[in-house]
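Q: First the structure, which I've put down as C-alpha cells, then a few questions once you've had a look.
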Ligand SMILES: Cc1ncc(COP(=O)(O)O)c(C=O)c1O
Ligand SMILES: Nc1ccccc1C(=O)C[C@H](N)C(=O)O
C-alpha cells in the first residue's frame, strides 16, 4: 500500500479499519481538554471501559456474600483464575493447562527459576541478552548468588555488534553453541523493551534445547503484541505481565506458561502452597502436597481476585478481536507511523533515527540525536504520551486496540512543529 502523510488519507485508513470501533472501549486521559495520543501501551495499557463492571461484580459479591463468595459467587473466587486459561492460551499459543495466572512478573520468574534453573558443577551457565530489563538482571544475579555461584562467571550476555542496534540471531545461536554443555538455561526477553526487537524465539528455543539447556521467555513486551506459539516452539516456560498490551491495570496479576511435558512430574522442584494442590482434596487439609496436573501447580496463595478481574475483562476484548486481526492492524499502523516519521525526517533537519529492526511488534524506538529530552517534554505538553528511555530514546507503541491512523498523522504534525521550534 502506498501511504500518504495527509489527514484525509489517515481518515481513509481509519474508515477501513476493522478494529476502529474498539477505540470507544477505552478511557483516555485528557490533556488540554482533549484525548491524548497514547503511545505507551507497552508500559501501561489504557483502561477498558468494561473493566469497571468486572471489578464491581467482585466488590458486590464480597459485600453481599463475604466468605461465601469463594464458592457461591456467580464467578466463584476459588477457581476464578481458571477462567483466564483458555483465552490466554490463544494469546500465547498454549494449551489452557499450560497456563496459570498468579503473582507478578518478577515474582513468577523467580518461582520458575526454582524449577528450571538447577545448576550442576558442569552445567550452570545462563544466557541472556545484554542490558536485559533491570528487574530481569537483578532476578538472574540473585538466583545465581542464591546457588552459591558468581554472576560474572555464570551469566553470559549476548551482545549486539558494534554500531548495530539489534541482536543477530546467528550471534545468539553461536553463543548457545559455544557455551554448549555448560549451558543450563537460556532466558531472554522475547520482545526487547528498549529497541522493540522481536527475537526469533522458535530458532533460539530449538538451539537451546539442542545443547540440552532449558529455555524460558520473558514476554512482558510480547504478550498481546505479537504472535506466540509457546507450545509448538517447545519452550520450557514463560512469564509475562498483564498491564502493558493486555490492559489489565497497574501491577496486576501476571501469567505463566509451563510446557505440558513438565506437568504432573514428581521430580520437578517447585516452591509450593495450598492453591497448587488439587481442588478436590485441598480442603481436607492434609499435610501432603497433591499437585494439580496443570500449570496451576505453581500457584501458592488464594488468588487476588480484585487484581485478576480486570485481566478477565481485558481478555474478553482479546477474545472478541483475536490475535490475527490485532496483528494485522498492528502491522499497518506501525508501518504508517514509520512512514510518517520518515516523511517528517525529510521535511525537517534530520534529528532522529528509528533503531527498531524489521523484526518488530508494536513498538518503534526512536533515537533522538541532539535535543531529545526537550522534544519529549514538548510532546507530553501537547498531549502525546510517549516514554523516555536513557540515553536518548523515545518509545512509540501504537496499540492497535485503541490507536487510530489519525493519531499517527496528528502526532507527525505535532512532532514536526516541535522540531521546527513552532
Ligand atoms: C522485560 C521486563 N521484565 C520485567 C519487568 C518488571 O515487571 P514487574 O514489575 O511486573 O515484575 C518489566 C516491566 O516492568 C519488563 O518490561
Ligand atoms: N510497571 C512500571 C511502573 C513504573 C514505571 C514503569 C513500569 C513499567 O512497566 C516499565 C516497562 N516494563 C518498560 O518496559 O518500560
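All of the numbers you see were taken from the coordinates with simple rules; none came from a lab. What you are looking at is a predicted structure, and each value in this text was computed from that prediction instead of being measured. For neighbour counting, all protein chains shown are included, and Cβ atoms are generated from backbone atoms with ideal geometry for every residue, glycine included.
Q: Using the reciprocal of the averaged 1/r over all distinct C-alpha pairs, how large is the Kirkwood radius of segment 274-378 in Å?
A: When all Cα pairs of segment 274-378 are included, the Kirkwood radius is 18.8 Å.
Q: Determine the distance separating the Cα centre of segment 262-303 from the Cα centre of segment 306-368; give it in Å without decimals.
A: Cα centroid of segment 262-303 versus Cα centroid of segment 306-368: 39 Å apart.
Q: Now for a separate question. Comparing 69, 276, 41, which has the greatest mean-square fluctuation in the GNM of the chain with Cα pairs linked when under 10 Å apart?
A: Among 69, 276, 41, the largest mean-square fluctuation in the Gaussian network model of the chain belongs to 69.
Q: Between the alpha-carbon centers of segment 384-408 and segment 64-90, tell me the distance in whole angstrom.
A: Using only Cα atoms to place each centre, the spacing works out to 35 Å.
Q: Connecting C-alpha atoms closer than 10 Å in a GNM of the chain, tell me which of 335, 309, 238 has the biggest fluctuation.
A: Checking each option, the largest mean-square fluctuation is seen for 335.
Q: Calculate, in nm to one decimal, what residue 346 and residue 280 gain on full extension: separation in residues at 0.36 nm each, minus their alpha carbon distance.
A: Stretched out fully, the residue 346 to residue 280 stretch lengthens by 17.2 nm.
Q: Helix 323-347 versus the longest principal axis of the chain: what is the Cα-based angle in degrees, 0 to 90, to the nearest 10?
A: 40
Q: In what order do 142, 314 fall by count of nearby beta-carbon atoms within 10 Å, going from fewest to most?
A: Lowest count first: 142, 314.
Q: Largest first and in whole Å, give the semi-axes of segment 127-206's equivalent ellipsoid, each being the square root of 5 times a Cα gyration tensor eigenvalue.
A: 21, 15, 11
Q: With springs only between Cα atoms under 10 Å apart, run a GNM on the chain and tell me which of 356, 104, 120 wobbles the most.
A: Result: 120 has the largest fluctuation of those listed.
Q: Can you give me the Cα centroid spacing of segment 47-62 and segment 214-236 in angstrom?
A: Segment 47-62 and segment 214-236 have Cα centres separated by 29 Å.
Q: List, largest first, the extents of the alpha carbons of segment 52-321 along their principal axes, each in whole Å.
A: 61, 43, 29
Q: With everything on Cα atoms, drop me the angle between helix 201-210 and the longest principal axis of the chain, reported from 0 to 90° to the nearest 10.
A: 40
Q: For the Cα atoms of the chain, what angle does the longest principal axis make with the long axis of helix 51-65, in degrees from 0 to 90, nearest 10?
A: Here the helix axis deviates by roughly 40 degrees.
Q: I want to check the label-to-label distance for residue 31 and residue 122. Put each point 7 Å from Cα in the C-beta direction and report it in nm to one decimal.
A: It works out to 5.8 nm between the two label points.
Q: Further question on the same structure: Among 212-221, 49-58, what's the highest-first ranking by average C-beta atoms within 10 angstrom per residue?
A: Result, highest mean Cβ count within 10 Å first: 212-221, 49-58.
Q: Grab the DSSP H runs of the chain that are 4 residues or longer, score each as -39,500 (n - 2.57), total them, divide by all residues and round the 222 nm result to the nearest 500 deg cm²/dmol.
A: Calculated at 222 nm, the ellipticity per residue is -11500 deg cm²/dmol.
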